[in-house]
Amino acid sequence: MNKTLSTLAAAMALAAGASADGHVENYAEIVKAADWKAMKTITVNMNEFEYDADLELKAGQTYKLELKNLGEKKHYFTAPEFFKNVATRKAQVNGQAEIKAPYFTALEILPGGQLDLYVVAHTKGEYPVYCTIDDHRDQGMEETIIIK
């Protein structure tokens, strides 16, 4: 029975344009076809126990998420479901390095650091983002990312 359910779930994911594990299947084509000149920038300021940003995105729109740690402690931008539902182009560290990967699950930003994430918003929905360091999430470091 479980095999039947997992097969059905995989088929539904493929029909929706997602891989069997739920990630955007054709992310490379989406990234290549995207209008990066129309990219919008959203700055996400991380302080102790909060993300300060308007995290509402539009499906099909290109974005640069500037993840800035203004706090004194390191923080994570952990959003596995969000990362499954965007087409990722790259992550870039202050013009010093680029990381190209089909998806991430979490990004760690050190105090005073910045990481820029380039994505195409894809699947509409609401996705939690939270910090997994110590008790940061319990202290309120959690928000919702919305793709409309």
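Annotations for the structure displayed:
- Residue match in the stretch 68-86 (condition: on the phi > 0 side of the Ramachandran plot and either free of Cβ contacts under 8 Å to residues at least 60 places away in the same chain or part of a loop (DSSP other than H, G, I, E, B) (or both)): no
- Residues considered: 120, 129. Of these, the only one that is within 16 Å of residue 61 (Cα to Cα) and β-branched (Val, Ile, Thr) is 120.
- Among (1) farther than 21 Å from residue 26 by Cβ; (2) open to solvent by 60 Å² or more (accessible area, probe 1.4 Å); (3) in contact with a helix residue (DSSP H, G or I) (Cβ under 7 Å, 6 or more places away or on another chain), the one test that residue 126 misses: (3)
- Selection within the stretch 87-117 - outside any strand (DSSP E or B) and either surrounded by 16 or more Cβ atoms within 10 Å (Cβ to Cβ) or among the small types (Gly, Ala, Ser) (or both): 95, 101, 103, 104, 112, 113
- Contacts under 6 angstrom Cβ, first residue in the stretch 119-144 being among the acidic types (Asp, Glu), partner in a loop (DSSP other than H, G, I, E, B) and open to solvent by less than 40 Å² (accessible area, probe 1.4 Å), 6 or more apart: 143/55
- Residue match in the stretch 32-43 (condition: without any contact (Cβ under 8 Å) to a residue 40 or more places away in the chain and crowded, with 19+ Cβ neighbours inside 10 Å): no
The values are calculated or read from the model by the stated rules, or taken from the named source; none is laboratory data. Just so it is clear, the structure is predicted and the values come from calculations on it, not from any experiment. Ideal geometry is used to build each Cβ from the backbone, glycine not excepted, and the neighbour counts take in all protein chains shown. These accessible areas exclude ligands, DNA and RNA; they are computed on the full protein's heavy atoms, side chains included. Shrake-Rupley method; radii C 1.70, N 1.55, O 1.52, S 1.80 Å.
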